[in-house]
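Take a look at the structure set out below.
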Amino acid sequence: MRILHTSDWHIGRQLHGQPLLEDQEHVLQQLVDYIVSENIDVVVIAGDVYDRAVPPAAAVSLLDDTLNRICNELNVQVIMVSGNHDSAKRLGFASRQLSHAGLHIISHLGQITEPVVITVGDETVRFYGIPYCDPENVRDQFDTDVRNYDEAHCFLIEQIADSQTGEAPSVLISHCFVDGCEDSESERPLSVGGADRVSWEPMKRFDYVALGHLHSPQHKGEKHIRYSGSILKYSFSEQNQKKGATLVELDKCGLGGITHLPLKAKRDVRVIEGELKEIMEQGRVDPGADDYVLVRLTDTHAILDPMGKVREVYPNTLHLERANQFVSDLQTMNREQLKRNELEMFCDFYKEITGQDLSDAQHEAITKEIDSLNSVEESDV
């Protein structure tokens with residue numbers, strides 16, 4: 001059986017205010033082309049289908065068109081789980097009816113022990129999905145005492161393992177942050193203080209693990225536990241990542257092969273650095289002049305309207321930085337501040353006001369409150 005593993009479409013996303021719907025349509029067409037050329041039997045989408053809980057109408061239309069081509073025109077089944085950017089209830093609307101058309105949506109924890117069983121020829125594979133969830137969701141659903149993301153994820157895997165029957169190969173689909181993996185600036189933290197990490201060891205029992213959430217293609221622990229990565233570069237920190245999807249081959253004996261299928265963006269995402277004169281000369285002959293670029297000017301003298309000048313040769317310049325000492329130090333400070341999570345910033349604020357550090361009890365209370373606020377933001381309310 002040939003499986004196409006993809007994730008983190010983030011349909012409806014913007015990059016520094018620039019809508020990316022046209023760019024997303026371009027690479028989704030390439031995914032459809034791969035389904036045909038590689039004789040794909042099943043498509044797995046490991047969460048973050050949309051970029052936000054209430055996506056714009058154009059994003060919904062693009063997803064509808066793409067899934068219609070895959071399921072109805074190509075007669076290929078699709079299995080997707082909800083991610084932390086998705087609204088689980090909205091994404092899961094009409095999932096029971098859509099499953100009869102070959103679109104299987106796993107967006108509720110009550111579905112985790114019900115495998116999507118797909119047979120192609122004489123090959124049968126069981127697909128289990130874990131949608132994005134936090135420990136509170138798991139405690140409420142299963143009346144169990146799990147304290148963090150890792151304990152919650154391990155508990156859910158055990159529930160799946162206890163329900164498994166038969167000898168058919170199994171695939172786990174999960175939207176989570178595996179500890180030790182490489183993250184990017186464009187990924188929304190799942191929790192504060194690094195408590196969102198989960199361990200990879202419990203997942204190695206599956207024949208393949210299709211992960212979503214992290215945007216860089218990578219594997220952890222075992223080669224079959226892997227992220228396909230996002231379909232596009234969603235921040236300038238991702239400029240060197242090789243975007244694509246993952247072709248997985250399974251047979252009765254288990255994993256047969258893993259192949260990275262590259263996706264070529266309509267416009268690349270790049271960082272260009274140098275003096276204005278050099279950048280202007282380069283831009284006039286650059287075949288990728290329409291790329292989305294961040295420009296870092298190294299000129300030390302004042303320049304009138306540098307953004308206007310740069311956009312004469314790089315019309316899709318989305319951000320410009322000056323490398324003189326004062327601006328550079330200020331921007332470096334701001335970038336470091338932006339990397340800090342809510343808990344760290346509150347701790348600094350509290351110490352600035354009171355002159356004291358948070359007590360252990362205060363630290364725990366604030367952490368719970370921030371997690372609660374983040375949960376409300378992701379809910380359907």
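Can you confirm whether SER87 is in the same structural domain as ALA168 (by TED's automatic domain parsing) and more than 21 Å from the chain's Cα centre (by Cα)? Give the steps one after another, and end with the answer.
On the way: in the same structural domain as ALA168 (by TED's automatic domain parsing): yes; more than 21 Å from the chain's Cα centre (by Cα): no.
Judged against the criteria, SER87 is not a match.
If you go through the range 74-89 one residue at a time, do you hit one that is more than 17 Å from GLY212 (Cβ to Cβ), of a type in the set (A, V, I, L, M) and surrounded by 21 or more Cβ atoms within 10 Å (Cβ to Cβ)? Break it down into steps so the answer makes sense when it comes.
To start, the set of residues in the range 74-89 that are more than 17 Å from GLY212 (Cβ to Cβ) comprises 74-77, 89.
From what's left, of a type in the set (A, V, I, L, M): 74, 76.
Subset that is surrounded by 21 or more Cβ atoms within 10 Å (Cβ to Cβ): none.
Among the residues of the range 74-89, not one is more than 17 Å from GLY212 (Cβ to Cβ), of a type in the set (A, V, I, L, M) and surrounded by 21 or more Cβ atoms within 10 Å (Cβ to Cβ), which makes the answer no.
Hey, can you tell me all the residues within the range 114-137 that are buried (at least 19 other Cβ atoms within 10 Å of the Cβ) and in a loop (DSSP other than H, G, I, E, B)?
At the first step, the residues of the range 114-137 found to be buried (at least 19 other Cβ atoms within 10 Å of the Cβ) are 115-116, 118, 125-135.
Residues satisfying the conditions are PRO115, PRO131, TYR132, CYS133, ASP134.
Going through the range 119-162 one residue at a time, which ones are in contact with a helix residue (DSSP H, G or I) (Cβ under 8 Å, 6 or more places away or on another chain) and polar (S, T, N, Q)?
Selection gives ASN137, GLN141, THR144, ASN148, GLN159.
Considering only the range 34-54, state which residues are under 30 Å from VAL293 (Cβ atoms) and either assigned to a helix (DSSP H, G or I) or free of Cβ contacts under 8 Å to residues at least 24 places away in the same chain (or both).
The initial filter retains those residues of the range 34-54 that are under 30 Å from VAL293 (Cβ atoms), namely 34, 45-52.
TYR34 - this is the single residue of the range 34-54 that is under 30 Å from VAL293 (Cβ atoms) and either assigned to a helix (DSSP H, G or I) or free of Cβ contacts under 8 Å to residues at least 24 places away in the same chain (or both).
Would you check if there is a residue in the range 138-153 being buried (at least 17 other Cβ atoms within 10 Å of the Cβ), of a type in the set (Ser, Thr, Tyr) and within 14 Å of the chain's Cα centre (by Cα)?
Checked against the condition, which is being buried (at least 17 other Cβ atoms within 10 Å of the Cβ), of a type in the set (Ser, Thr, Tyr) and within 14 Å of the chain's Cα centre (by Cα), the range 138-153 yields no hits at all.
Looking at (1) under 19 Å from GLU321 (Cβ atoms); (2) under 22 Å from the mean Cα position of the chain (by Cα), can you tell me which one ILE279 breaks?
Of everything listed in (1) under 19 Å from GLU321 (Cβ atoms); (2) under 22 Å from the mean Cα position of the chain (by Cα), ILE279 misses just condition (2).
Identify all residues within the range 283-312 that are over 20 Å from GLN239 (Cα atoms), of a type in the set (A, V, I, L, M) and in a helix (DSSP H, G or I); write none if there are none.
Of everything in the range 283-312, those that are over 20 Å from GLN239 (Cα atoms), of a type in the set (A, V, I, L, M) and in a helix (DSSP H, G or I) turn out to be VAL285, MET307.
Of the residues GLY244, GLY288, GLY283, which is without any contact (Cβ under 8 Å) to a residue 60 or more places away in the chain, of a type outside the set (A, V, I, L, M, F, W, C) and surrounded by fewer than 19 Cβ atoms within 10 Å (Cβ to Cβ)?
Working: GLY244 fails: surrounded by fewer than 19 Cβ atoms within 10 Å (Cβ to Cβ); GLY283 fails: surrounded by fewer than 19 Cβ atoms within 10 Å (Cβ to Cβ).
Of GLY244, GLY288, GLY283, the one residue that is without any contact (Cβ under 8 Å) to a residue 60 or more places away in the chain, of a type outside the set (A, V, I, L, M, F, W, C) and surrounded by fewer than 19 Cβ atoms within 10 Å (Cβ to Cβ) is GLY288.
Please work out if ASP196 is in the same structural domain as ILE105 (by TED's automatic domain parsing), among the charged types (D, E, K, R) and modelled with pLDDT under 95. Step through it out loud before you land on a result.
Values: in the same structural domain as ILE105 (by TED's automatic domain parsing): yes; among the charged types (D, E, K, R): yes; modelled with pLDDT under 95: yes.
So ASP196 passes the test.
For the range 331-339, check the following and say yes or no: at least one residue is at pLDDT 95 or above and outside the structural domain of THR367 (by TED's automatic domain parsing).
Going through the range 331-339, the residues at pLDDT 95 or above turn out to be none.
No, the range 331-339 contains no residue that is at pLDDT 95 or above and outside the structural domain of THR367 (by TED's automatic domain parsing).
Looking at LEU63, LEU31, which is the one that is in a helix (DSSP H, G or I), modelled with pLDDT of 95 or more and closer than 22 Å to ILE130 by Cβ? Spell out how you get there, then give the answer.
Details: LEU31 fails: closer than 22 Å to ILE130 by Cβ.
Only one candidate passes the filter, namely LEU63.
List, please: which pairs have Cβ atoms under 9 Å, are six or more places apart or on different chains, and start with a residue in the range 300-319 that is touching a residue at least 24 places away in the same chain (Cβ under 8 Å) and of a type outside the set (Asp, Glu) and end with one that is surrounded by 17 or more Cβ atoms within 10 Å (Cβ to Cβ) and part of a loop (DSSP other than H, G, I, E, B)?
TYR314/ASP291; ASN316/ARG267; ASN316/ASP291
Look at TYR227 and say whether it is hydroxyl-bearing (Ser, Thr, Tyr), under 24 Å from SER37 (Cα atoms) and in contact with a Cys (Cβ under 9 Å, 6 or more places away or on another chain). If you could, list the steps in order and put the result at the bottom.
Working: hydroxyl-bearing (Ser, Thr, Tyr): yes; under 24 Å from SER37 (Cα atoms): yes; in contact with a Cys (Cβ under 9 Å, 6 or more places away or on another chain): yes.
Spelling it out, TYR227 is indeed hydroxyl-bearing (Ser, Thr, Tyr), under 24 Å from SER37 (Cα atoms) and in contact with a Cys (Cβ under 9 Å, 6 or more places away or on another chain).
Kindly provide the set of residues from the range 1-34 that are within 18 Å of PRO55 (Cβ to Cβ) and surrounded by fewer than 20 Cβ atoms within 10 Å (Cβ to Cβ), ordered by number.
GLN14, GLY17, GLN18, PRO19, LEU21, GLU22, GLU25
The values are calculated or read from the model by the stated rules, or taken from the named source; none is laboratory data. What you see is a predicted model; the values in this text were computed from it and never measured. All Cβ positions, even for glycine, are placed from backbone atoms using ideal geometry, and neighbour counts span all protein chains on display.
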